[in-house]
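S.K.: First the structure, which I've put down as structure tokens, then a few questions once you've had a look.
The numbers here are math on the coordinates, done by the rules we state, and not lab data. Every value quoted in this text rests on a predicted model; they were computed, and no experiment measured them. Here the Cβ positions follow ideal geometry from the backbone for every residue, glycine too, while neighbour counts run over all protein chains shown.
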Amino acid sequence: MKIPFYRPYIGDEEIAEVISAIQSNWLSKGPKTVVFESEFAKSVGSEHGVGLNSCTAGLHLAQLALGIGPGDEVITTPYTFVATANTIIHCGAKPVFVDIDPKTCNIDADLIEQAITPRTKAIIPVHYGGYPCEMDRIQEIAQRYGLAIIEDAAHAVYTKYKDQPIGSIGNITCFSFYATKNLTTGEGGMITTADEELANRIRILSLHGMSRNAWTRYAAKGAWYYEVEQAGFKYNMTDIQAALGIIQLRKLEEMQMLRMQVARAYSEALADCEEIILPHDSHEHRHSWHLYPIRLEEDQLTISRNEMIDQLSEAGIGTSVHFIPVPKHPFYQEKGYRMEEYPETEKVFESVLSLPFFPGMTKEEVYYVADTVQSIISKHRR
């Protein structure tokens, strides 16, 4: 592939810190995890951070910590990676999907209220591509109905809603540090919260339900005795992951500036292409630019989204689709969900593709992608 969909931005500093973690003999959760939790929480203006092995683990534990279980309902978007909905299922609750605002691809806050029932316990807004949901409206609804807000911020490291960093707004915010994310630990995630009790509950659940700070039992002054307070999970972060995250966090501002430059270059290069809808942005918020998804105006073209992907691949350009909507998957179809109930989600899905996007991308690479997109479109205009 001439230009992959994503290329990691990893340097000698990350390698050195990972080697340091290995040489310290703390391979699982240890002091580097504690440092990373503290530094990350501070970076998003939150009181507490809990490092985990994925954002999925964070979403699962957030709901359990809030007491969500069988018979409950959780409102979220159908236009997200399936993990968002799966974790609701894992808790024994029911996902209730609300269609998206096609401009932002985020949950349409104006439709949330009509989906609330006496069984609704929480709202999980997903900040698609790194652009924030309408959190003022969502908070107002949540407060009026006594609902918790769990933010799926898998795309939203560095995002701000107005002047508030994502990570400091909802009851619990769940971040992803997967390999392609703005900040990576290879695999990994983090929850942030202002609620110490919730943070402690999630810490305990993340390590088999063992009493708080059970990980220190192998330290020089650690005690061998521990108690299992509930049936927890093995969801903790490791020091090897945290070592990578510590350096990535310190480089985040640099990486974000590079991402913004790539986004700006794409937007300028594709601005005159009327057959494409570019990603939404606003000076009111800070976009993390996790993705650069474009949408084809298919009524103006003789080529489909899938054919466009094939032709870009033939030109050596890697792409992806974010996302296959949750109700399209067989598991959810069998549970009675139907795509026709979410027309805006279906329309966006049929026309969207994500272009290569990563902080080390050169202008030459951006222009090659943009020129190729324009060339394909010029051959297929109606």
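S.K.: Less than 23 Å apart at the alpha-carbon level, and either on another chain or at least 8 residues along: which lysines does that give for Lys121?
M.R.: Lys94, Lys335
S.K.: What do you get for Rg/Rh of the chain when both radii come from the Cα atoms and Rh is the Kirkwood radius?
M.R.: Expressed as Rg/Rh, it is 0.98.
S.K.: Using the eigenvalues of the Cα gyration tensor, what equivalent ellipsoid semi-axes result for region 124-211 when each is taken as the square root of five times the eigenvalue, whole Å, largest first?
M.R.: 22, 19, 9
S.K.: For every other residue with a beta carbon closer than 14 angstrom to the beta carbon of His283, add +1 if it is Lys or Arg and -1 if Asp or Glu, then tell me the sum. Intermediate results must be reported in sequence, preceding the final value.
M.R.: On the way: positive: Lys160, Lys162, Arg264, Arg286; negative: Asp163, Asp281, Glu284.
Neighbourhood net charge equals +1.
S.K.: With θ taken as phi - 60° and the coefficients 6.51, -1.76 and 1.60, list the Karplus ³J(HN,Hα) couplings across region 65-76 in order, rounded to whole Hz; mark glycine and proline as x.
M.R.: So the Karplus estimates, Gly and Pro as x, are 5, 8, x, 6, x, x, x, 8, 10, 10, 8, 8 Hz.
S.K.: Here is a further query. How high is the relative contact order of the chain, given as a whole-number percent (alpha carbon pairs under 8 Å, six or more residues apart)? Show your work: numbers first, answer last.
M.R.: On the way: 782 pairs, mean separation 87.3, N = 382.
It comes to 23 percent, rounded to a whole number.
S.K.: Determine the principal axes of the Cα atoms in region 13-73, then give the extent along each, sorted from largest to smallest and rounded to whole angstroms.
M.R.: For region 13-73, the Cα spread along each principal axis is 48, 25, 16 Å.
S.K.: Roughly what would the spin-label model give for Ser20 and Ala179, points 7 Å off Cα along C-beta, in nm?
M.R.: 2.6
S.K.: Could you identify which residue out of Leu198, Leu111, Leu66 has the top mean-square fluctuation in a GNM of the chain using Cα springs shorter than 10 Å?
M.R.: In the Gaussian network model the winner is Leu111.
S.K.: If I build a Gaussian network model for the chain, linking alpha-carbon pairs within less than 10 angstrom, which residue out of Gly67, Gly188, Gly209 has the largest mean-square fluctuation?
M.R.: Of Gly67, Gly188, Gly209, the most mobile in the Gaussian network model is Gly67.
S.K.: Give me the net charge of Gly11's neighbourhood, meaning all other residues with Cβ under 12 Å from the Cβ of Gly11; Lys, Arg count +1, Asp, Glu -1.
M.R.: Numbers: positive: Arg250, Lys251; negative: Asp12, Glu13, Glu14, Glu17, Glu254.
Here the charged neighbours net out to -3.
S.K.: Please report the antiparallel percentage of the DSSP beta bridges confined to the chain, to the nearest 5.
M.R.: The answer is about 60 percent antiparallel.
S.K.: Could you compute the net charge surrounding Ala243? Neighbours are other residues with a C-beta less than 9 Å from the C-beta of Ala243; K and R count +1, D and E count -1.
M.R.: -2
S.K.: Also, quick follow-up: Would you calculate a helix-derived [θ] at 222 nm for the chain, using -39,500 (n - 2.57) for each DSSP H run of n ≥ 4 and dividing by the full residue count, to the nearest 500?
M.R.: Values: 13 runs with 142 residues, N = 382.
One gets -11000 deg cm²/dmol as the mean residue ellipticity at 222 nm.
S.K.: Next up: On average over all directions, what projected area in square nanometres does region 253-379 have, based on the convex hull of its Cα atoms? Mind dumping the intermediate values first?
M.R.: Working: hull surface 37.7 nm².
One quarter of the hull surface, i.e. the mean projection, equals 9.4 nm².
S.K.: Sticking with this one: When N counts the residues of region 306-382, how does its alpha-carbon radius of gyration compare numerically with 2.2 N^0.38 Å, as a ratio? Don't skip to the end; give the middle numbers.
M.R.: Working: Rg = 15.9 Å, N = 77, 2.2 N^0.38 = 11.5 Å.
Here the Cα radius of gyration is 1.38 times the empirical estimate.
S.K.: Continuing with this model, one more query. Out of Ala194, Ala223, Ala109, any idea which swings most in a Gaussian network model of the chain, alpha carbons joined below 10 Å?
M.R.: Of the options given, Ala223 has the highest mean-square fluctuation.
S.K.: Taking amide hydrogens as modeled 1.01 Å from N in the peptide plane, which residues meet the under 5 Å criterion relative to Val96, leaving out close sequence neighbours?
M.R.: Here the answer is Val74, Ile75, Thr76, since their amide H atoms fall under 5 Å of that of Val96.
S.K.: I'd like the distance separating the alpha-carbon centroids of region 1-72 and region 113-178, in whole Å.
M.R.: What the calculation gives is 20 Å, centre to centre.
S.K.: Right, something else. For Ala115 and Lys42, what is the calculated FRET efficiency with R₀ set at 41 Å and r taken between the beta-carbons, to the nearest 0.05?
M.R.: Numbers: r = 35 Å, r/R0 = 0.86.
Plugging the Cβ-Cβ distance into 1/(1 + (r/R0)^6) gives 0.70.
S.K.: In terms of Cα to Cα distance under 26 Å, which lysines are near enough to Lys363, apart from those fewer than 8 places away along the same chain?
M.R.: Lys2, Lys181, Lys251, Lys379
S.K.: So, one more: Dividing the Cα radius of gyration by the Kirkwood radius, what Rg/Rh value follows for region 80-230?
M.R.: Computed over Cα atoms, the ratio is 1.02.
S.K.: Nearest 10 degrees is fine. How inclined is helix 239-250 to the longest principal axis of the chain, computing both from alpha carbons?
M.R.: Relative to the chain, helix 239-250 is tipped by roughly 50 degrees.
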